[in-house]
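First up is the structure itself, then whatever we jot down about it.
Derivation of every value follows stated rules applied to the coordinates shown; laboratory data play no part. Since this is a predicted model, take the numbers as computed values, not measurements. Methodologically, a virtual Cβ is constructed for each residue, glycine included, from the backbone with ideal geometry; neighbour enumeration extends over all protein chains shown.
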């Protein structure tokens with residue numbers, strides 16, 4: 001019962017009591033508890049025993065499970081709870097307003113206005129500042145596009161159709177990896193040739209000469225075959241999809257997402273990829289690793305491709321995550337409700353995931369193909385995750401995670417793992433003894449970063465060492481102290 005939200009419990013009890021047409025005195029007579037105690041309970045001031053909750057549920061004609069639901073029972077309760085919690089926030093208290101407890105006579109519309117104004121105070125920078133800040137505009141564009149991808153289940157049928165038509169014209173055989181001949185024909189369809197060079201600028205993955213119709217990519221010493229295929233098609237995607245010069249960051253980001261989708265739709269064509277995944281699903285042996293090998297693509301592209309097709313064709317909502325070795329998010333997508341950490345503006349990039357997630361634990365795992373599978377229990381439910389440490393396609397290794405809700409876990413290879421990690425909010429709290437032992441005695445220096453949207457991972461509270469995971473630092477210092485003692 002320690003994790004129970006007493007305020008929500010109180011509102012659910014009051015809601016059920018009023019629905020049953022009972023007074024506090026009626027409930028008092030039924031359960032043998034005084035009216036003042038029950039009043040305190042409905043106001044979220046006392047924590048009852050589970051047995052008492054059961055007795056109250058019986059008296060109110062409902063169930064214990066209904067009273068223990070984690071959501072408010074109705075919109076009015078949601079508003080009252082938020083108004084109450086707002087008044088405990090220092091930013092609200094700084095307004096020096098008299099305490100306000102909504103009575104039944106206060107209309108919902110008034111509470112809606114109060115809550116909306118509070119949220120603007122809590123979350124908002126001034127609109128002018130936000131609109132003038134390029135970083136804010138970039139993060140807003142990223143968040144908006146992610147929302148669109150979620151609504152579409154990350155499936156773009158119009159791009160699938162363009163890719164399929166291009167493959168048919170290039171003579172693709174209908175199964176297996178796309179050959180270099182087919183790639184050359186695809187480039188020729190839009191009037192381009194492909195040329196490898198030894199000294200491409202390090203800031204560019206390819207350069208296209210639009211006058212002489214040549215796509216320059218690094219030679220085999222600087223770009224491996226799988227990467228080269230992706231880069232060529234990501235570049236061709238801009239022309240196949242009739243992209244024009246970008247007007248702003250949002251336009252640039254959309255074009256990049258679409259061209260990457262085109263590349264994946266060509267390298268792992270929809271029809272054979274779906275046939276392959278359906279066979280694996282029937283065998284309860286879905287594996288992104290297999291998708292990677294069958295179509296000769298990178299693990300990251302295979303994981304992306306899985307998110308494109310899994311919900312639309314297999315009915316599996318899922319999530320995707322790319323992080324660095326410290327668990328800092330670089331890319332993320334979900335339509336299964338996976339609880340990514342979010343900044344105040346809703347952005348994910350630069351946020352650090354909990355240490356219990358596979359994206360961080362995989363770095364210490366052993367096994368073939370650098371794969372790590374686990375079941376992760378969160379506040380909103382359990383998920384199955386597989387994480388792959390990519391070491392070949394970048395100068396800096398990174399983790400690619402994908403997963404789905406527990407109800408779909410049996411469909412994936414590795415779901416029989418015994419690893420079960422608990423990442424509920426109460427397990428995310430820092431080790432208080434460790435913090436007390438080392439707070440004020442550590443001085444770490446943050447590693448340099450190259451994030452496009454966030455210089456350093458954001459933190460819930462101010463830290464004198466932004467970007468540093470202090471618990472990891474404290475654990476390191478504790479290990480060193482113990483080592484010296486031994």
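A few points about this structure:
- Residues residue 396 and residue 481, FRET efficiency given R0 of 25 Å [Cβ-Cβ distance, rounded to 0.05]: 0.25
- Between the stretch 28-59 and the stretch 239-308, the Cα center-to-center distance that results, in Å: 55 Å
- Debye log10 I(q)/I(0) for the chain, one point scatterer per Cα, at q = 0.05, 0.09, 0.10, 0.13 Å⁻¹: -0.27, -0.80, -0.95, -1.33
- Coordinate range along principal axes, alpha carbons of the stretch 218-292, Å, largest first: 47, 32, 19
- Taking a point 7 Å out from the Cα of residue 18 in the direction of its Cβ, the residues of the stretch 57-73 whose backbone N falls within less than 20 Å of it are 57-63, 66-73.
- Potential lengthening between residue 434 and residue 342 on full extension [0.36 nm per residue; Cα-Cα distance subtracted]: 30.5 nm
- Computed E for residue 108/residue 406 - FRET, C-beta separation, R0 35 angstrom, nearest 0.05: 0.40
- Ranked packing of 292-303, 239-250, most packed first, by mean Cβ within 10 Å: 292-303, 239-250
- In terms of packing, defined here as the mean over residues of other Cβ atoms within 10 angstrom, the peptides 94-102, 39-47, 318-326 line up highest first as 318-326, 39-47, 94-102.
- Theoretical ellipticity at 222 nm over the chain - DSSP helices of four or more residues, -39500 (n - 2.57) apiece, nearest 500: -13500 deg cm²/dmol
- For the chain: relative contact order, % (alpha-carbon pairs under 8 angstrom, 6 or more apart): 10 percent
- A Förster radius of 45 Å, combined with the Cβ-Cβ distance separating residue 198 from residue 145, puts the computed FRET efficiency at roughly 0.80.
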